[in-house]
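Colleague: Before I ask anything, here is the structure I am working with.
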Amino acid sequence: MKCIKVPKKEAQKVKEMLMAKKLFALGYAPVAGRTYIYFPVNKEVKGYTLVEKEIIPVKKEELDFSSYDQIGDIVIVGEDVELVEAKKLLKRPNVKVVLRKKGIHHGEFRTQDLEFLAGEKRKETIYIEHGLRMKLDVEQCYFTPRLGTERMRIAELVQPGEKVLVLFSGVAPYPLVLAKYSQASLIFAVEKNPVAHQYALENCKKYMSVVLYNMDVKEFSYPEKFDRIIMPHPSAAQEFLPVALKHLKKNGVIHFYTFAADTEIPEKPVGLIRTKVPTFRVLSVIKCGQYAPKKYRVCVDFTV
């Protein structure tokens, strides 16, 4: 079968380009060599030489619904899912929209391009977690439903009267859960994405303990320090640790999120903290769900 030969370091970028231009031969899997990946294509690709490789068709399995994210009545599927499969998803209860990923999360706000595949043509929905309603646009706002258990875990750790700061707060899932299920006296939330901030304002309007800021976390300033700081930005949280330390009380707690392979836990997450924080004590290291095969979202709870 005709394929293009791509260096492994360029694989993700090239795959996204092939999917966007509908050049990827769906129904077939790439073949990985030692230093190259061979992508099956349905026509010539400018800038790449076609080579012949033996490609085995991907066996179509029954849809594994658990492998997709459902946010409200919207289901987000992978790049290889086709219309016939999407229509099967629409038969499930409370599924009215199926969107297909177009590449990975990108940009300053970690958003993801999504295309309509089946159902109603919209990207806004209402997600319910622990009895809390959150409205959001799933394309314009970063959000993962896979942290519901983790958000409740943090709420249960908050002590009565604590002042909590949530950096990268998005549409305010952490502030909402803390406002309802903890006895925090004050919850400050900082989010730079103006679209996510507007949704957060709507989502939190009944909770007087939540104060929302639409700004870069590096520009946030407040005269008092916080008992607890939450940093749910797993792709780059270590860059903002000095900001968190500036706002943390002595003996305060930081919840630091990152990604790590199973074999890298706890050394890698703790090591990232050590690059910015000279002295600290680890309270716990928690796996918060699988992010990719053998790769996890990890939270390190530590005190300074």
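Colleague: Any idea which residue in the stretch 65-86 is nearest to the chain's Cα centre (by Cα), counting only those that are charged (D, E, K, R) and farther than 28 Å from ARG133 by Cβ?
Modeller: First, the residues of the stretch 65-86 that are charged (D, E, K, R): 69, 73, 79-80, 82, 85.
Add one more test, that the residue is farther than 28 Å from ARG133 by Cβ, and what stays is 79-80, 82, 85.
Numbers: GLU79: 17, ASP80: 20, GLU82: 23, GLU85: 24 Å.
Checked the stretch 65-86; the qualifying residue nearest to the chain's Cα centre (by Cα) is GLU79.
Colleague: Among GLU79, GLU85, which is the only one that is in contact with a helix residue (DSSP H, G or I) (Cβ under 8 Å, 6 or more places away or on another chain) and not in a strand (DSSP E or B)?
Modeller: Working: GLU85 fails: in contact with a helix residue (DSSP H, G or I) (Cβ under 8 Å, 6 or more places away or on another chain).
After ruling out the rest, the residue left standing is GLU79.
Colleague: I've got another one for you. Please note which strands (runs of 3 or more DSSP E) are completely contained in the stretch 233-304 and include at least 3 residues that are aliphatic (A, V, I, L, M) and within 25 Å of THR149 (Cβ to Cβ).
Modeller: Fully inside the stretch 233-304 and qualifying: 248-261, 281-292.
Colleague: Across the stretch 193-221, which residue is nearest to the chain's Cα centre (by Cα) among those that are assigned to a loop (DSSP other than H, G, I, E, B) and free of Cβ contacts under 8 Å to residues at least 12 places away in the same chain?
Modeller: Filtering the stretch 193-221 for residues assigned to a loop (DSSP other than H, G, I, E, B) gives 193, 204-209, 215-216, 220-221.
In the following step, the residues that additionally are free of Cβ contacts under 8 Å to residues at least 12 places away in the same chain were identified as 205-206, 208, 221.
Numbers: LYS205: 24, LYS206: 26, MET208: 27, SER221: 26 Å.
Filtering first and then ranking leaves LYS205.
Colleague: Just to be sure before I move on: is VAL190 in a strand (DSSP E or B), under 23 Å from CYS299 (Cβ atoms), in contact with a Ser or Thr (Cβ under 7 Å, 6 or more places away or on another chain) and among the β-branched types (Val, Ile, Thr) in the structure I sent? Write out each step before concluding.
Modeller: Details: in a strand (DSSP E or B): yes; under 23 Å from CYS299 (Cβ atoms): yes; in contact with a Ser or Thr (Cβ under 7 Å, 6 or more places away or on another chain): yes; among the β-branched types (Val, Ile, Thr): yes.
Yes, satisfied.
Colleague: Just to be sure I understand, how many residues within the stretch 85-100 are closer than 19 Å to ILE126 by Cβ and of a type in the set (D, E, K, R)? First the steps, then the outcome.
Modeller: So the first thing to find is which residues in the stretch 85-100 are closer than 19 Å to ILE126 by Cβ, and the list is 89-90, 92-99.
Now restrict to residues that are of a type in the set (D, E, K, R): 92, 96.
Counting residues in the stretch 85-100 that are closer than 19 Å to ILE126 by Cβ and of a type in the set (D, E, K, R) gives 2.
Colleague: OK, next. Could you list, in sequence order, all residues of the stretch 138-187 that are of a type in the set (A, V, I, L, M), assigned to a helix (DSSP H, G or I), in contact (Cβ under 8 Å) with a residue 60 or more places away in the chain and more than 21 Å from LEU248 (Cα to Cα)? Write out each step before concluding.
Modeller: Step one: list which residues in the stretch 138-187 are of a type in the set (A, V, I, L, M), which gives 138, 147, 152, 154-155, 157-158, 164-167, 171-172, 176-179, 184, 186-187.
Narrowing the set further to residues that are assigned to a helix (DSSP H, G or I) leaves 147, 152, 154-155, 157, 176-179.
Next, from what is left, pick out any that are in contact (Cβ under 8 Å) with a residue 60 or more places away in the chain: 147, 154, 157.
Selection gives LEU147 alone.
Colleague: How do the pairs read when you match residues in the stretch 231-253 that are surrounded by 13 or more Cβ atoms within 10 Å (Cβ to Cβ) with residues anywhere that are part of a helix (DSSP H, G or I) and modelled with pLDDT under 95, using Cβ under 7 Å and keeping only pairs 6 or more apart or on different chains?
Modeller: Final answer for the pair search is MET231/ALA237.
Colleague: If you don't mind, another one. Could you identify the single residue in GLU62, GLU16, GLU115 that is modelled with pLDDT under 85 and not in a loop (DSSP other than H, G, I, E, B)? Spell out how you get there, then give the answer.
Modeller: Values: GLU62 fails: not in a loop (DSSP other than H, G, I, E, B); GLU115 fails: modelled with pLDDT under 85.
Residue meeting the stated conditions: GLU16.
Colleague: What is the residue count in the stretch 35-48 for residues that are assigned to a loop (DSSP other than H, G, I, E, B) and either in contact with a helix residue (DSSP H, G or I) (Cβ under 9 Å, 6 or more places away or on another chain) or polar (S, T, N, Q) (or both)? I'd like the intermediate steps shown before the answer.
Modeller: Within the stretch 35-48, the subset assigned to a loop (DSSP other than H, G, I, E, B) is 35, 42-48.
Then keep just the ones that are either in contact with a helix residue (DSSP H, G or I) (Cβ under 9 Å, 6 or more places away or on another chain) or polar (S, T, N, Q) (or both); that gives 35, 42, 45, 48.
Total meeting the criteria: 4.
Colleague: Answer yes or no as to whether GLN290 is polar (S, T, N, Q), crowded, with 17+ Cβ neighbours inside 10 Å and either free of Cβ contacts under 8 Å to residues at least 60 places away in the same chain or not assigned by TED's automatic domain parsing to the domain that holds GLU156 (or both).
Modeller: On the way: polar (S, T, N, Q): yes; crowded, with 17+ Cβ neighbours inside 10 Å: no; either free of Cβ contacts under 8 Å to residues at least 60 places away in the same chain or not assigned by TED's automatic domain parsing to the domain that holds GLU156 (or both): yes.
So GLN290 fails the test.
Colleague: When you scan the stretch 214-221, do you find a residue that is over 29 Å from HIS130 (Cα atoms), of a type in the set (Ser, Thr, Tyr) and loosely packed, with under 15 Cβ neighbours inside 10 Å, even just one? Step through it out loud before you land on a result.
Modeller: Pass one, the stretch 214-221, residues over 29 Å from HIS130 (Cα atoms): 218-221.
Narrowing further to those that are of a type in the set (Ser, Thr, Tyr): 221.
Pick out the ones that are also loosely packed, with under 15 Cβ neighbours inside 10 Å and you get 221.
The answer is yes; a qualifying residue exists.
Colleague: Mind checking which residues of the stretch 20-49 are under 18 Å from GLU82 (Cβ atoms) and surrounded by fewer than 17 Cβ atoms within 10 Å (Cβ to Cβ)?
Modeller: ALA20, LYS21, LYS22, LEU26, GLY27, ALA29, ASN42
Colleague: Look through ASP262, ASP301, ASP227 and report the one residue that is of a type in the set (Asp, Glu) and modelled with pLDDT under 95.
Modeller: Details: ASP301 fails: modelled with pLDDT under 95; ASP227 fails: modelled with pLDDT under 95.
The match here is ASP262.
Colleague: Got at least one residue in the stretch 49-59 being in contact with a helix residue (DSSP H, G or I) (Cβ under 9 Å, 6 or more places away or on another chain) and hydroxyl-bearing (Ser, Thr, Tyr)? Quick ask: steps written out before the conclusion?
Modeller: First pass over the stretch 49-59, keeping only residues in contact with a helix residue (DSSP H, G or I) (Cβ under 9 Å, 6 or more places away or on another chain): none.
No, the stretch 49-59 contains no residue that is in contact with a helix residue (DSSP H, G or I) (Cβ under 9 Å, 6 or more places away or on another chain) and hydroxyl-bearing (Ser, Thr, Tyr).
Colleague: Please specify each residue of the stretch 107-123 satisfying the condition of being touching a helix residue (DSSP H, G or I) at 6+ places or on another chain (Cβ under 9 Å) and surrounded by fewer than 17 Cβ atoms within 10 Å (Cβ to Cβ).
Modeller: Within the stretch 107-123, just ASP113 meets the criteria.
The values are calculated or read from the model by the stated rules, or taken from the named source; none is laboratory data. Predicted model only: the values in this text are computed from it and were never measured. Reconstructed Cβ throughout: ideal geometry from the backbone, glycine too, with neighbour counts over all protein chains shown.
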